Amino acid sequence: MLSPVCKIDITPLVGLALVLVIVFMVTSPLMMTPSELDVSLPKAKTVEAKSESNITISISQDKNLALDEKEILLTDLENELNKLLDPNPEQLVVIRADKNLNHRVVLELLTICKRAGAKRLAIATLQRNRV
């Protein structure tokens, strides 16, 4: 008499799990962009900043402004930034400005940050590939 086969092959299941892990590893950095504004950063020969909780100000070429992924008006920036810096004025403020933006606009942002109480400022750039 023949007995029923109760063995399940899990090899395809393991392969599928590995494919899903790879998909998540590839797509997760894409989901971690600071803002949905289209900002084209300039290139620089600098070292990457340490990973810490930063306040990010993004400004696009058409002068759309975002503070930590939330779009705001330029007139509201100083008050909102002051609220974020109130608990810790030593927190790093990173400005992500489009490379085609007029430098005067970036200087205005730096001035607003200083008036809001920022003590540490940085301007984001793209890292060049080292050969």
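Before moving on, here are some points about what is shown:
- Selection of segment 78-107 for residues being under 18 Å from V39 (Cα atoms) and touching a helix residue (DSSP H, G or I) at 6+ places or on another chain (Cβ under 8 Å) yields V93, I95, A97.
- Total residues in segment 52-67 satisfying the condition of being farther than 16 Å from T125 by Cα and either surrounded by fewer than 16 Cβ atoms within 10 Å (Cβ to Cβ) or in contact with a Pro (Cβ under 6 Å, 6 or more places away or on another chain) (or both): the figure is 4.
- For segment 89-131, the set of residues classified as charged (D, E, K, R) and either within 19 Å of the chain's Cα centre (by Cα) or on the phi > 0 side of the Ramachandran plot (or both) consists of R96, D98, K99, R120, R128, listed by residue number.
- Near pairs, Cβ below 9 angstrom, 6+ apart or cross-chain, from segment 59-74 (among the polar types (S, T, N, Q)) to any residue that is not in a loop (DSSP other than H, G, I, E, B): S60/A66; S60/A97; N64/S58; N64/E71
- Residue that is modelled with the highest pLDDT [pool: residues in segment 1-34 that are polar (S, T, N, Q) and assigned to a helix (DSSP H, G or I)]: T11
- Residue that is surrounded by the most Cβ atoms within 10 Å (Cβ to Cβ) [pool: residues in segment 92-108 that are in contact with a strand residue (DSSP E or B) (Cβ under 6 Å, 6 or more places away or on another chain) and not in a helix (DSSP H, G or I)]: V93
The values are calculated or read from the model by the stated rules, or taken from the named source; none is laboratory data. What you are looking at is a predicted structure, and each value in this text was computed from that prediction instead of being measured. Note: ideal-geometry Cβ built from the backbone for every residue, glycine included; neighbour counts use all protein chains shown.
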